[in-house]
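Visitor: One structure follows; several queries about it will come next.
The values are calculated or read from the model by the stated rules, or taken from the named source; none is laboratory data. What you see is a predicted model; the values in this text were computed from it and never measured. Don't worry about glycine lacking a Cβ; one is built from the backbone with ideal geometry, like all the others, and counts go over all protein chains shown. Just the protein is used for accessible areas: all its heavy atoms, side chains included, with ligands, DNA and RNA removed. Shrake-Rupley method; radii C 1.70, N 1.55, O 1.52, S 1.80 Å.
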Amino acid sequence: MLRFALFISILVLPQTRFAIAQTPTPVPTLLSERSDVNGDNRVDDSDLLILMEDWHKIAGPRIMTIHIPNLPEGARPLRLVQIPAGSFEMGSSETERSRDSDEGPVHTVDFAEDFFLGETEITQAQWEAVMGSLQQQSEIFGIGHNYPVYDVTYDQITGMDGFLDKLNALGQGYFRLPSESEWEYACRAGTQTRFYFGDSLDCSDERSIPSGDDDDDDDDLGSDNCAAGDLPGDRSDYMWYDWNNPRNGFPRGSKEVATLGPNAFDLFDMHGNVREWCLDRYQSSYEGAPTDGSAVPALFGYPIVQRGGDWDSTARHARSANRFDENRSSGHHLSGFRIASAANPLSTPTPSPSPTPFSTPTPNPSLDMVTIDLPDLVDGARPLRLVRIPAGPFLMGTSEDQRYASDNEFPRHEVTLANDFYMSETEITQAQWEAVMGSLPASYQFLDDFGLGDDYPIYYVSWDDIRETGGFLDNLNSLGLGTFRLPSESEWEYACRGSSANPNRYGLFAFGDDTGLNMETCNGSPFLNSFMRWCGNGEMVTEPVGQKVPNDFGLYNMHGNVMEWCEDSEHGSYNGAPIDGSSWSVGGGDRRIVRGGHFDIEPRDCRSASRSSMFRDSPSQAVGLRLVMTVAP
């Protein structure tokens with residue numbers, strides 16, 4: 001009766017949030033008068049299944065279908081299911097059988113908003129339709145339109161021109177990987193048992209060899225199969241795991257998606273089939289983990305979380321709480337993914353206010369500089385100062401003969417900035433961010449890993465953290481000290497290269513070149529060390545701003561330390577780019593430009609012309625910002 005009541009709560013939870021219209025969805029009677037649904041004078045799992053069927057008919061989930069051009073006939077469409085907001089206990093208790101130490105401590109996670117999650121893993125046909133081709137899939141591991149795609153890396157999914165880039169370019173919404181907490185919340189679908197179908201404790205979770213079998217054939221190995229627990233049938237009726245192998249009459253490898261029953265949120269294959277990439281950096285415990293459903297920011301060089309188990313792993317690895325860690329650039333026959341989206345997938349960030357001339361403060365004519373008096377800046381912290389950058393023309397991009405040029409730096413073109421502007425002399429510091437926002441970012445507990453202190457650059461801030469309503473720019477502009485914004489990409493490069501009097505204006509760096517150094521390595525260079533923080537410094541951390549030699553505009557750290565967000569959307573070349581210094585925000589999807597290189601990257605990517613981009617909602621230890629303020633006419 002207790003487990004029956006548990007599942008009743010699952011059915012009640014989504015009903016109003018899944019309604020598409022404003023009128024409340026009719027709710028079936030779910031309590032005592034309906035408990036014995038089939039009239040057999042017993043309240044058991046058969047009644048539960050009927051109630052689940054009623055719920056799907058009457059209050060069923062809201063489905064979003066993504067229309068992918070070139071999806072072959074007969075291939076399963078890409079659909080996402082709306083997951084209702086709520087709370088759950090994430091992780092496994094110390095008494096849960098087969099648990100691992102990285103599944104604790106158990107902690108409450110609260111989701112304030114609904115979100116969407118793919119009803120299945122991304123299939124091979126869906127991948128091919130979006131990407132234009134399908135990397136080698138094997139007959140051994142499962143091949144076909146509706147089999148899950150595998151052998152895909154985190155970077156192939158989230159990187160530039162990766163799956164998410166191309167899917168988002170279709171203009172049907174903004175899609176991403178789920179956070180690890182979103183994944184577990186959706187997998188559990190209101191349960192706290194080891195699997196969404198029950199605890200399934202009547203047999204082992206480990207791999208075993210049948211009695212009398214003494215050969216070394218892996219096909220003979222597999223976990224046991226037994227009763228599911230809360231739902232009728234066996235565990236193998238709900239998940240593809242290593243029991244489903246040739247020994248028991250199943251082909252080796254992954255299976256077509258959605259061939260076993262869904263959980264209470266109508267999600268298929270949350271246990272087994274292929275492991276699924278999440279957004280999060282893997283950590284060995286949940287100490288300090290977010291409690292709002294957000295992801296632990298991914299870091300370069302650190303493993304990423306995978307969830308869900310797979311067809312070749314034991315039952316213990318398919319549990320709701322089980323976690324894997326995998327190198328972001330490693331793909332193998334067990335790695336796939338499903339996608340997520342906000343409840344309003346077409347939402348866009350709030351536009352920045354149109355720049356208006358400031359009246360306070362007054363520039364110091366001798367220094368061509370203004371100082372912004374932030375009311376809550378801590379004593380001893382570096383003040384927020386901006387340097388006046390004079391108007392003028394320059395050549396943006398890379399010449400055909402320059403070393404290390406990249407395709408996205410062409411064509412080289414003239415840009416003319418008609419008006420002076422002010423740019424902050426350094427990246428925004430942690431003290432300056434805290435003075436404006438009242439606190440460090442939600443990921444502040446990780447700041448100590450890559451440099452923590454008042455005058456260190458702020459990082460782990462996304463473009464949205466800066467630009468959205470209530471974000472950094474909103475708060476700073478509300479102080480009445482001027483109108484601030486992110487620089488356009490052309491303003492950034494113009495300021496980085498320095499004045500027309502700089503003999504190195506069109507060199508690799510504003511300060512010159514070290515022609516004897518391979519710029520694709522982290523080999524040390526005392527010359528470069530004087531001007532920028534990069535991977536050749538020996539310490540893979542940021543440093544306090546303003547410690548390197550500035551360029552001839554008086555700007556520090558334009559090369560290295562942290563990359564800097566620009567206003568512009570990402571485009572693969574400069575074809576069609578503005579030539580007046582304005583930002584290029586039309587098209588380009590949900591990636592935003594970052595410039596300048598960072599502390600953990602080779603010098604070729606710190607060049608004046610080097611360009612990169614990141615998803616606008618993705619914070620990173622390698623990305624911060626500096627500001628621009630409009631000059632009064």
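Visitor: Only residues that are under 16 Å from residue 157 (Cβ atoms) and assigned to a strand (DSSP E or B): list them for segment 267-318, please.
Guide: Result: 275, 276, 277, 278, 279, 280, 281, 304, 305, 306, 307.
Visitor: Let me ask something additional. Limited to segment 511-522, what total is found for residues that are farther than 19 Å from residue 496 by Cβ and modelled with pLDDT of 80 or more?
Guide: 4
Visitor: If you scan segment 593-609, which residues turn out to be part of a helix (DSSP H, G or I) and either farther than 21 Å from residue 569 by Cα or in contact with a helix residue (DSSP H, G or I) (Cβ under 9 Å, 6 or more places away or on another chain) (or both)?
Guide: 603, 604, 606
Visitor: Can you find, within segment 498-523, the residue that is most open to solvent (accessible area, probe 1.4 Å) among those that are among the charged types (D, E, K, R) and touching a Gly at 6+ places or on another chain (Cβ under 9 Å)?
Guide: Taking the candidates together, the pick is 513.
Visitor: If we scan segment 143-150, do we find a residue that is out of contact with any strand residue (DSSP E or B) (no Cβ under 8 Å at 6 or more places or on another chain) and under 30 Å from residue 98 (Cα atoms)?
Guide: No.
Visitor: Out of all the residues in segment 538-553, which are among the hydroxyl-bearing types (Ser, Thr, Tyr) and open to solvent by 40 Å² or more (accessible area, probe 1.4 Å)?
Guide: Matches in segment 538-553: none.
Visitor: Let me spell it out: the conditions are (1) farther than 21 Å from residue 176 by Cβ; (2) within 21 Å of the chain's Cα centre (by Cα), and residue 227 meets all of them except one. Which number is the exception?
Guide: Failing condition for residue 227: (2).
Visitor: Now for a different question. Which of the residues spanning segment 239-253 are open to solvent by 30 Å² or more (accessible area, probe 1.4 Å) and assigned to a loop (DSSP other than H, G, I, E, B)?
Guide: Scanning segment 239-253 gives 243, 249, 250, 251, 252.
Visitor: Which one of the conditions (1) open to solvent by 20 Å² or more (accessible area, probe 1.4 Å); (2) in a loop (DSSP other than H, G, I, E, B); (3) within 25 Å of residue 169 (Cβ to Cβ) does residue 65 fail to meet, given that it meets all the rest?
Guide: Only one criterion is unmet by residue 65, namely (2).
Visitor: Something else: Report whether or not residue 593 is modelled with pLDDT under 95, under 26 Å from the mean Cα position of the chain (by Cα) and not acidic (Asp, Glu).
Guide: Considered against the rule, which asks whether it is modelled with pLDDT under 95, under 26 Å from the mean Cα position of the chain (by Cα) and not acidic (Asp, Glu), residue 593 comes out as no.
Visitor: Residue 612 passes all but one of (1) within 26 Å of residue 481 (Cα to Cα); (2) in contact with a strand residue (DSSP E or B) (Cβ under 6 Å, 6 or more places away or on another chain); (3) not in a loop (DSSP other than H, G, I, E, B); which number fails?
Guide: For residue 612, the failing item is (1).
Visitor: Turning to a different aspect of this structure: Quick one: residue 415 ticks every box in (1) free of Cβ contacts under 8 Å to residues at least 12 places away in the same chain; (2) under 30 Å from residue 576 (Cβ atoms) except a single one, so which number is it?
Guide: Condition not satisfied by residue 415: (1).
Visitor: Suppose we filter segment 622-633 for residues that are under 21 Å from residue 298 (Cβ atoms) and either part of a strand (DSSP E or B) or modelled with pLDDT of 95 or more (or both); how many remain?
Guide: Number satisfying all stated conditions: 3.
Visitor: Select from segment 98-146 the residues that are assigned to a strand (DSSP E or B) and open to solvent by 50 Å² or more (accessible area, probe 1.4 Å) and write down the one among them that is nearest to residue 160 (Cα to Cα).
Guide: So the residue we want is 110.
Visitor: Select from segment 300-317 the residues that are among the hydrophobic types (A, V, I, L, M, F, W, C) and crowded, with 19+ Cβ neighbours inside 10 Å and list them in ascending order.
Guide: Within segment 300-317, 304, 305, 311, 315 meet the criteria.
Visitor: Looking at 435, 431, 405, which one is open to solvent by 10 Å² or more (accessible area, probe 1.4 Å) and at pLDDT 95 or above?
Guide: 435
Visitor: Just the residues that are modelled with pLDDT under 90 and not charged (D, E, K, R), please, taken from segment 233-261.
Guide: Correct list: 243, 244, 245, 246, 248, 249, 250, 251, 261.
Conditions (1) in contact with a Pro (Cβ under 8 Å, 6 or more places away or on another chain); (2) charged (D, E, K, R); (3) open to solvent by 50 Å² or more (accessible area, probe 1.4 Å); (4) part of a loop (DSSP other than H, G, I, E, B), marked per residue:
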{"position": "555", "(1), (2), (3), (4)": "no, no, no, yes"}
{"position": "566", "(1), (2), (3), (4)": "yes, no, no, no"}
{"position": "573", "(1), (2), (3), (4)": "yes, no, no, yes"}
{"position": "620", "(1), (2), (3), (4)": "yes, no, no, yes"}
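Visitor: Select from segment 524-537 the residues that are among the hydroxyl-bearing types (Ser, Thr, Tyr) and open to solvent by less than 50 Å² (accessible area, probe 1.4 Å) and list them in ascending order.
Guide: 525, the sole residue that qualifies.
Visitor: Taking the conditions exactly as written (part of a loop (DSSP other than H, G, I, E, B), in contact with a helix residue (DSSP H, G or I) (Cβ under 9 Å, 6 or more places away or on another chain) and at pLDDT 95 or above), does residue 178 satisfy them or not?
Guide: yes
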